[in-house]
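What follows is one structure encoded as structure tokens, with my remarks underneath.
The values are calculated or read from the model by the stated rules, or taken from the named source; none is laboratory data. Model, not experiment: these values are computed from the prediction. Every residue, glycine as well, gets a Cβ built from its backbone with ideal geometry; the counts of neighbours run over all protein chains shown.
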Amino acid sequence: MDNEKPNKKPFFIMLAISIMVIGSILIFEKGSSVLNQSKYSDLNKIVIDAEYSNIKINFLDTDTVSVLIYGKKADELSVKEEDKVLTIKKTSTKGVCILNCDDKIILYLPKNFERLDITTEMGDINAKGTTINDVYIKSKIGNVNLGTVKVADIETEIGNVTIEELDGEFDSIIKTDTGNVTIKKTNNLNIEASSNSGRINVKDTKDNDYTLTVETNIGNIKVK
């Protein structure tokens with residue numbers, strides 16, 4: 001019986017293909033530039049659909065909305081205003097940047113802005129220290145940090161959701177597949193919070209009139 005040596009070429013071919021595929025996805029680029037800088041008045045809703053961008057929301061004592069968008073020159077960007085609704089769509093055509101990414105969307109909004117509608121593939125959403133009437137967020141990978149929210153509809157696949165205060169008269173739903181849900185203060189709300197794998201922590205609930213429904217498959221639930 002002949003002892004044949006195993007043919008290693010298919011393995012190295014597959015390895016090379018894998019490296020090429022991963023390299024095409026995990027492209028690392030520095031030097032994001034300003035793709036859009038604009039200002040709007042008389043808006044009551046902002047819709048953001050961004051693949052790979054961090055989103056930072058600031059509130060100022062102003063009547064206008066200012067937008068600052070950073071990204072790569074090859075990114076596909078669309079910014080449109082119609083019927084008091086600003087729609088921002090940003091698609092990364094070069095792949096996913098994992099390390100030291102500086103792609104971001106910065107919003108400067110008037111206080112008590114009406115509604116934010118945000119969908120992202122990857123990136124953190126940060127609006128700490130702010131007050132938003134109505135928030136809809138759907139994120140695949142990224143943390144969500146919000147200040148005071150009157151109505152929240154938030155769903156993430158991987159990421160923590162932290163809300164400083166839920167304060168409104170309508171139902172709020174917060175769901176994450178893998179991540180923690182933290183609500184630091186509640187007041188007069190019906191809240192549904194769930195996590196498939198993570199902790200749920202709801203604080204400062206004493207003497208508040210609300211209905212709380214929480215659920216987690218793997219993790220702890222803490223209400224106080």
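Got at least one residue in region 142-158 being under 16 Å from residue 88 (Cα atoms) and out of contact with any Leu (no Cβ under 6 Å at 6 or more places or on another chain)?
The initial filter retains those residues of region 142-158 that are under 16 Å from residue 88 (Cα atoms), namely none.
Scanning region 142-158 turns up no residue that is under 16 Å from residue 88 (Cα atoms) and out of contact with any Leu (no Cβ under 6 Å at 6 or more places or on another chain).
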> Limited to region 195-212, what total is found for residues that are assigned to a strand (DSSP E or B), at pLDDT below 75 and under 20 Å from residue 148 (Cα atoms)?
Replying inline: 2
> Mind checking which residues of region 34-49 are surrounded by fewer than 10 Cβ atoms within 10 Å (Cβ to Cβ) and either in contact with a Gly (Cβ under 9 Å, 6 or more places away or on another chain) or among the basic types (Lys, Arg) (or both)?
Replying inline: 34
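Name the single residue that is surrounded by the most Cβ atoms within 10 Å (Cβ to Cβ) among those in region 66-85 being over 20 Å from the mean Cα position of the chain (by Cα) and of a type outside the set (Gly, Ala, Ser).
Quick first cut of region 66-85, residues over 20 Å from the mean Cα position of the chain (by Cα) only: 73-74, 80-84.
Remaining after also requiring of a type outside the set (Gly, Ala, Ser): 73, 80-84.
Values: 73: 12, 80: 10, 81: 15, 82: 7, 83: 7, 84: 12.
The selected residue is 81.
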> So which of 39, 80, 73 is over 22 Å from residue 155 (Cβ atoms) and not in a strand (DSSP E or B)?
Replying inline: 73
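Can you confirm whether residue 137 is crowded, with 17+ Cβ neighbours inside 10 Å, modelled with pLDDT of 90 or more and over 22 Å from residue 39 (Cβ atoms)?
Numbers: crowded, with 17+ Cβ neighbours inside 10 Å: yes; modelled with pLDDT of 90 or more: yes; over 22 Å from residue 39 (Cβ atoms): yes.
Taking the combined requirement at face value, the residue satisfies it.
Is it true that some residue in region 147-162 is of a type in the set (Gly, Ala, Ser), part of a strand (DSSP E or B), under 18 Å from the mean Cα position of the chain (by Cα) and modelled with pLDDT of 85 or more? Walk me through how you get there before you give the answer.
Residues of region 147-162 of a type in the set (Gly, Ala, Ser): 147, 152, 159.
From the residues that got through so far, the ones that are part of a strand (DSSP E or B) too are 147, 152.
When the remaining residues are screened for being under 18 Å from the mean Cα position of the chain (by Cα), the result is 147, 152.
Going one step further and asking which of them are modelled with pLDDT of 85 or more, we end up with 147, 152.
There is at least one residue in region 147-162 that is of a type in the set (Gly, Ala, Ser), part of a strand (DSSP E or B), under 18 Å from the mean Cα position of the chain (by Cα) and modelled with pLDDT of 85 or more.
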>> Going by what's in this entry, would residue 44 be described as at pLDDT below 95 and touching a strand residue (DSSP E or B) at 6+ places or on another chain (Cβ under 9 Å)?
In response: yes
